1. Determine the relative contact order of segment 5-316: mean sequence separation of Cα pairs under 8 Å and six or more apart, normalised by residue count, in whole percent.
2. Tell me the Kirkwood radius of the chain: reciprocal of the mean inverse pair distance over distinct alpha-carbon atoms, in Å.
3. Where nothing but the Cβ of Lys and Arg (+1) and of Asp and Glu (-1) is charged, how large is the charge dipole of segment 54-108 around its Cα centre, in debye to the nearest 20?
4. Name the residues whose placed amide hydrogens come within less than 5 Å of the amide hydrogen of T203, ignoring near sequence neighbours (fewer than 5 apart) on the same chain.
5. May I ask you to list the GluC sites (Glu not before Pro) in segment 206-290 that are in a DSSP loop and have at most 14 other Cβ atoms within 10 Å of their Cβ?
6. Can you give the helix-only mean residue ellipticity at 222 nm for the chain, where every DSSP H stretch with n ≥ 4 adds -39500 (n - 2.57) and the sum goes over all residues, rounded to the nearest 500 deg cm²/dmol?
7. Quick check for you: which residues of segment 101-128 have the amide N under 17 Å from the point 7 Å beyond the Cα of E67 toward its beta carbon?
8. With the chain treated as a Gaussian network of Cα nodes joined by springs under 10 Å, which of P293, P271, P130 yields the largest mean-square fluctuation?
Amino acid sequence: MKHKRILVTGGAGFIGSNLCERLLNEGNEIICLDNLFTGRKENIRHLLDNSDFEFIRGDIINEVYIECDEIYNLACPASPIHYQADPIKTIKTGVFGALHLLGLAKRCNARILQASTSEVYGDPQIHPQPENYRGSVNPIGIRACYDESKRIAETLFFDYHRAYGVDIKVIRIFNTYGPRMRSDDGRVVSNFITQALKGEKLTVYGDGSQTRSFCYVDDLVDGMIKMMESREGFTGPVNLGNPGEFTMLELAEKVKIITRSKSEIEYMPLPADDPTQRQPVIDLAKKELDWVPKVALEDGLKKTIPYFAEMIKKEKQ
Ligand code: NAD
Ligand code: UDP
């Protein structure tokens, strides 16, 4: 495969660090740009000695001047507690970041992939969600800073494509989990695993009947690279997610069984605008990318739990 110079924004985060590692192993040169808001040097420490890997501490709300062949734009806090901590900054990251990276792609003639999200569907009225569903987002709610900035980023991508012929690829990622998630990330998989391993109560928001479809990170990274390498003119948006759908109570039960935890369930208030259901239709990814997720939830949890166990052990030392 041709050796490429690839910019990964958000490369020190959960998905970004897994992506950087894979792209580097495939013989590419990687520039990882990250402001370390939710990302960590720990996630990429093992890559820093590789002369084909370069870390730049920087923020995509500022213009970016780099020469590259491809751009993966992942920089954006993904967990509700983090993106809601400073909603204005989240919007600047989503919107100014997209503008700056599209400007860079135009200047360098680089192919650019946007990490969009199933959140563009909001609290979906159609189930499961195909790409042509236009969504149901509350524009003034507490999730809107994330959802709407991801929506406007998609708009910017398609306008740069139409106006300037920028070679764009847009993926809509559904809930993803795996090693290198932060234990204090606030997302359901990291919360439940950490709580179960520590013998604390598992915090279920609402009655736990809301559903999500969880994709293991290696499957997602496969799909992202397949999308980046897909045929010229295929822009997406394309859903990338595992169609296996579970209620939060079912997830809690699975985590308890695998960790052999005796933790009880503690019911907590449901956050505002929390989507009641979410499941991707992945026919387009199957057809265009020949991609299907391979890792079932139980197997993915078994691969993820030892990572959290190790982190908890380190915290105690
Ligand atoms: P993460 O929080 O672990 O990673 C995001 C990274 O972006 C972090 O390293 C953070 O420090 C960095 N970052 C944030 N704002 C930045 C800025 N202004 N400039 C430079 N760097 C910045 O989250 P993740 O789960 O790895 O998500 C990666 C991407 O995938 C995000 O764009 C997210 O919206 C998208 N996504 C993730 C999921 C999921 O389930 N994990 C689902 C849908 C979409
Ligand atoms: N959730 C939960 N307990 C937690 C964290 C989250 O029950 O400790 C619920 C949350 O209300 C939502 C689902 O799990 O319905 C997924 O939440 P997460 O923040 O992981 O992702 P998102 O809501 O962005 O899909």
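Coordinate-derived values only; no laboratory data. Note that the structure is a prediction, hence the values are computed from the model and not measured. Quick reminder, even Gly has a Cβ in these numbers, built from the backbone with ideal geometry, and neighbours come from all protein chains shown.
1. 18 percent
2. Here the Kirkwood hydrodynamic radius works out to 19.8 Å.
3. 240 debye
4. Residues meeting the criterion, in which the H sits 1.01 Å from N, are E266.
5. Filter output for segment 206-290: E229, E232, E264.
6. -12000 deg cm²/dmol, from helical runs alone.
7. Only 104-111 fall inside the zone, counting backbone N under 17 Å.
8. The residue with the greatest mean-square fluctuation here is P271.
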